[in-house]
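Here is the structure we will look at, set down as structure tokens.
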Amino acid sequence: MRKSVLALSILLTSSAAWADTEYKIDLTQPEHQRGDVSITFPETNEQFLDIKMPAWRTGYYRILNLANGVRDFTAKTNGQNLRWEKVDKSTWRIHLPKNAGEVTVNYEIYADQLGRRSRHIDDSHAYLDASAVFMYADKWRNDPVKVSLDVPSEWRSYSGMDREGDHRFVADNWDVLVDSPIETGINKHFAFEQGGRDYEVVFWGEGNYDAEQTVADLEKLVATGDSIWSSYPFERYVFMIHATSGAGGATEHKNSTVIQRPRYSFASRDDYLSFMSTASHEFVHTWNVKAYRPDGLVPYDYQKENYTDLFWIAEGSTSYFQNHLLLHAGVMEPDEYFERLASGIDRYKAKPGREVMSVAEASFEAWIDQYGDRAHNDSVSIYSEGALVSWMLDNALLEATDGEVSYRDVHNELYKRFDADEKGFKASDVLAILNDLTGDSWQQWWQNNVEAPAADIPFEKMLNDAGLELVYEENDEPENWTGWRASKVDGGMELTQVSRGSPAWEAGFRPDDVIVAYDGHTVMQGRFEEALQEYEAGDEVKVTFFRRNQLHEKTLKLEQAPATDASIEPVDAPTAQQKARFLQWLQIPHPNA
């Protein structure tokens with residue numbers, strides 16, 4: 001009898017411990033961008049229960065203080081109101097009586113953050129990233145969850161989570177929920193199967209997109225995953241596409257993505273390829289970040305910054321591979337790829353920050369990343385410069401192994417060796433993989449190009465190795481260069497950026513200076529930059545400007561503009577070695593093979 005009672009006690013305790021957390025949200029009155037959330041947590045014998053709203057969301061490395069959308073918080077057990085208090089900006093502490101049962105909390109969430117891809121509710125849809133909508137308790141973070149939505153009758157709901165009904169979903173735990181956003185509303189839905197896996201494409205908003213063509217090209221894209229990785233980490237994937245009134249961007253998730261673009265920026269070839277590059281970027285993230293990611297991000301700590309010196313791999317290498325997949329899929333033509341690669345080279349050469357900051361430092365500083373003039377002059381991007389360092393490493397691997405090992409092999413090894421649900425990788429792990437694949441140490445290369453600024457990437461050599469040339473068109477009338485950027489304002493031109501080391505920098509100009517005259521002439525809108533081209537390189541110009549509402553004058557010495565507008569051209573008669581390298585690098589034949 002004693003054993004039976006003990007067994008029953010264990011069973012009851014286990015059932016309570018493993019009960020699902022149930023999330024509900026009422027969206028039946030979405031006009032004012034509000035939803036009513038209800039969460040039922042299993043019973044516990046603790047004296048209090050801390051429930052939390054994340055301070056940030058995955059894929060956007062900024063503290064967002066997402067608790068700022070919560071109002072009218074209440075907590076109950078067995079129909080009894082419970083006392084609670086805020087103990088920090090994102091934590092509600094609920095005090096529990098003895099023998100408390102399940103705890104149900106209710107609150108209103110205000111959702112107007114479409115561009116941040118965190119939460120947005122209006123009369124046509126709701127986009128819900130759980131990190132910005134649904135609270136969690138550490139005690140049950142690893143236990144199953146259920147989510148149900150009460151929505152207008154004409155709405156349809158989609159998510160990467162498993163479906164239990166038209167507007168009901170389930171997930172193994174809160175981390176799956178938080179990485180499986182929900183799109184519900186008035187939308188267009190498409191589905192297809194590729195390689196034994198199911199895909200869905202959901203469009204919200206009207207725009208100049210061609211839905212059928214987009215779906216057809218996404219079907220080609222998703223077939224390319226095995227060009228890098230040995231398997232796929234999902235059985236089902238959802239593309240959520242927002243055609244907006246201005247918001248733009250994208251975010252990766254465990255087996256889904258959301259991509260936002262202004263509604264009339266899909267139709268032109270350039271706009272369409274930009275969209276497809278974004279879709280490819282987020283698809284690459286399904287492996288690189290979601291299946292494996294740096295140690296500092298495992299597990300995600302949603303209450304504070306998660307630091308790593310490897311964001312350049314997480315984001316930059318993803319940017320590097322994104323157009324490779326489009327080439328492999330036949331969605332992007334080689335000349336279109338070359339054009340985008342050349343633009344990236346131009347931007348890199350025009351960025352003084354490349355001489356100051358390494359991609360490792362940029363990774364660690366990502367949470368406080370600078371924008372504008374400061375970023376241009378004193379930092380690099382984990383995306384753009386991270387992609388270029390990835391290319392440099394890819395080229396070095398191909399060269400060192402006569403094409404036997406590429407950077408794709410490194411990422412496949414990361415995928416095979418590291419499961420983001422269990423552990424992340426460190427720089428030492430990447431170096432170990434490089435050593436295992438090539439038999440050589442890459443420590444010095446890493447120090448020179450990752451831990452130190454990669455100030456002089458050998459683009460010409462890397463391109464030549466693959467039978468390509470970096471070409472700058474000769475200008476019969478060389479232009480003068482100031483090194484500033486400006487926008488028109490009443491009465492003059494306001495400087496928005498001054499490149500370090502440029503003529504404007506050396507003369508002492510800075511952003512926010514308002515230029516009103518030059519050599520005694522009024523700065524006329526649309527005429528000033530043209531007028532500066534009438535001088536010769538080396539000429540000095542007296543520039544009159546306002547700073548702090550006071551009139552000043554400085555002497556600007558013009559210089560000849562550095563070469564820009566690069567293009568990449570295939571050589572007419574590539575050697576066998578160049579054709580082989582091109583194929584090893586991009587997995588397609590050289591255009592002049």
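The table that follows gives values for the structure above.
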item	result
Answer from ASN173, ASN187 - the residue that is surrounded by fewer than 21 Cβ atoms within 10 Å (Cβ to Cβ), modelled with pLDDT of 95 or more and closer than 24 Å to HIS120 by Cβ	ASN187
Looking only at the range 509-527, and only at residues there that are open to solvent by 40 Å² or more (accessible area, probe 1.4 Å) and part of a loop (DSSP other than H, G, I, E, B), the one that is farthest from ARG354 (Cα to Cα)	GLY520
Lone qualifier among ALA432, ALA454, ALA420 - being among the small types (Gly, Ala, Ser), within 23 Å of the chain's Cα centre (by Cα) and more than 25 Å from ASP175 (Cα to Cα)	ALA454
Residue match in the range 469-492 (condition: in contact (Cβ under 8 Å) with a residue 24 or more places away in the chain and among the basic types (Lys, Arg))	yes
Condition met for ASP217 (of a type in the set (Asp, Glu), in contact with a helix residue (DSSP H, G or I) (Cβ under 7 Å, 6 or more places away or on another chain) and farther than 27 Å from VAL145 by Cβ)	yes
Pick from the range 445-473, criterion under 15 Å from PHE582 (Cβ atoms) and among the charged types (D, E, K, R), ranking: least open to solvent (accessible area, probe 1.4 Å)	ASP465
Test: residue in the range 233-256 that is open to solvent by 50 Å² or more (accessible area, probe 1.4 Å), under 14 Å from the mean Cα position of the chain (by Cα) and farther than 24 Å from GLU361 by Cβ	yes
Among (1) aliphatic (A, V, I, L, M); (2) closer than 18 Å to TRP174 by Cβ; (3) in contact (Cβ under 8 Å) with a residue 24 or more places away in the chain, the one test that ALA67 misses	(3)
Looking only at the range 112-154, and only at residues there that are buried (at least 24 other Cβ atoms within 10 Å of the Cβ) and among the polar types (S, T, N, Q), the one that is nearest to ALA19 (Cα to Cα)	SER131
Qualifying residue in the range 272-281 (condition: more than 20 Å from ALA211 (Cβ to Cβ) and at pLDDT 95 or above)	yes
Residue satisfying condition, being at pLDDT 95 or above, small (Gly, Ala, Ser) and touching a Phe, Trp or Tyr at 6+ places or on another chain (Cβ under 6 Å), within set ALA396, ALA427, ALA387	ALA387
GLU108 without any contact (Cβ under 8 Å) to a residue 40 or more places away in the chain, charged (D, E, K, R) and either assigned to a loop (DSSP other than H, G, I, E, B) or open to solvent by 10 Å² or more (accessible area, probe 1.4 Å) (or both)	no
Residue in the range 440-455 that is farther than 28 Å from PRO570 by Cβ, assigned to a loop (DSSP other than H, G, I, E, B) and hydroxyl-bearing (Ser, Thr, Tyr) present	yes
Test for ASN412: is it farther than 27 Å from TRP484 by Cβ, at pLDDT 95 or above and of a type in the set (S, T, N, Q)	yes
Among the residues listed as VAL176, VAL147, the single one being closer than 24 Å to LEU49 by Cα and in a helix (DSSP H, G or I)	VAL176
The one condition in (1) under 27 Å from PHE364 (Cβ atoms); (2) under 19 Å from the mean Cα position of the chain (by Cα) that ILE228 fails to fulfil	(2)
Residue match in the range 144-157 (condition: within 25 Å of the chain's Cα centre (by Cα), modelled with pLDDT of 95 or more and not polar (S, T, N, Q))	no
Residue in the range 204-211 that is farther than 30 Å from LYS139 by Cα, of a type in the set (S, T, N, Q) and open to solvent by less than 10 Å² (accessible area, probe 1.4 Å) present	no
Single residue of THR564, THR555 found to be touching a helix residue (DSSP H, G or I) at 6+ places or on another chain (Cβ under 9 Å), under 30 Å from MET357 (Cα atoms), open to solvent by 20 Å² or more (accessible area, probe 1.4 Å) and among the hydroxyl-bearing types (Ser, Thr, Tyr)	THR564
Filter result (under 30 Å from TYR337 (Cβ atoms) and part of a loop (DSSP other than H, G, I, E, B)) within the range 469-482	GLU473, GLU474, ASN475, ASP476, PRO478, GLU479
Selection from the range 321-374 of residues that are part of a helix (DSSP H, G or I), over 30 Å from PRO589 (Cβ atoms), open to solvent by less than 60 Å² (accessible area, probe 1.4 Å) and not polar (S, T, N, Q)	PRO352, GLY353, ARG354, VAL359, ALA360, ALA362, ALA366, TRP367, GLY372, ASP373
Residue within the range 474-487 that is open to solvent by 20 Å² or more (accessible area, probe 1.4 Å), of a type in the set (Gly, Ala, Ser) and within 30 Å of LEU551 (Cβ to Cβ) present	yes
When residues of the range 28-74 are limited to those that are in a loop (DSSP other than H, G, I, E, B) and small (Gly, Ala, Ser), the one modelled with the lowest pLDDT	GLY59
Near pairs, Cβ below 9 angstrom, 6+ apart or cross-chain, from the range 210-232 (farther than 30 Å from ARG417 by Cβ and among the β-branched types (Val, Ile, Thr)) to any residue that is modelled with pLDDT of 95 or more and part of a helix (DSSP H, G or I)	THR214/TYR272; THR214/PHE275; THR214/MET276; THR214/ALA279
Any hit, the range 85-92, residues being in a loop (DSSP other than H, G, I, E, B) and either in contact with a Ser or Thr (Cβ under 8 Å, 6 or more places away or on another chain) or modelled with pLDDT under 95 (or both)	no
Single match in GLU506, GLU530, GLU534 (criterion: touching a residue at least 24 places away in the same chain (Cβ under 8 Å), of a type outside the set (Ser, Thr, Tyr) and not in a strand (DSSP E or B))	GLU506
Every pair of residues 6+ apart whose Cβ atoms lie under 9 Å, when the first sits in the range 420-443 and is under 20 Å from THR286 (Cα atoms) while the second is among the small types (Gly, Ala, Ser) and open to solvent by less than 50 Å² (accessible area, probe 1.4 Å)	ALA420/ALA291; GLY424/GLY296; LYS426/GLY296
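To keep it simple, each residue is scored yes or no on (1) among the aliphatic types (A, V, I, L, M); (2) closer than 22 Å to ILE228 by Cβ.
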{"position": "VAL380", "(1), (2)": "yes, no"}
{"position": "TYR383", "(1), (2)": "no, yes"}
{"position": "PHE425", "(1), (2)": "no, yes"}
{"position": "THR438", "(1), (2)": "no, yes"}
{"position": "TRP442", "(1), (2)": "no, yes"}
{"position": "VAL450", "(1), (2)": "yes, yes"}
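The values are calculated or read from the model by the stated rules, or taken from the named source; none is laboratory data. Computed from a predicted structure; not experimentally measured. We place every Cβ from the backbone using ideal geometry, glycine too, and count neighbours over all the protein chains shown. Ligands, DNA and RNA are stripped out before the accessible areas are found, and what is left, the full protein with its side chains, is counted by its heavy atoms. Shrake-Rupley method; radii C 1.70, N 1.55, O 1.52, S 1.80 Å.
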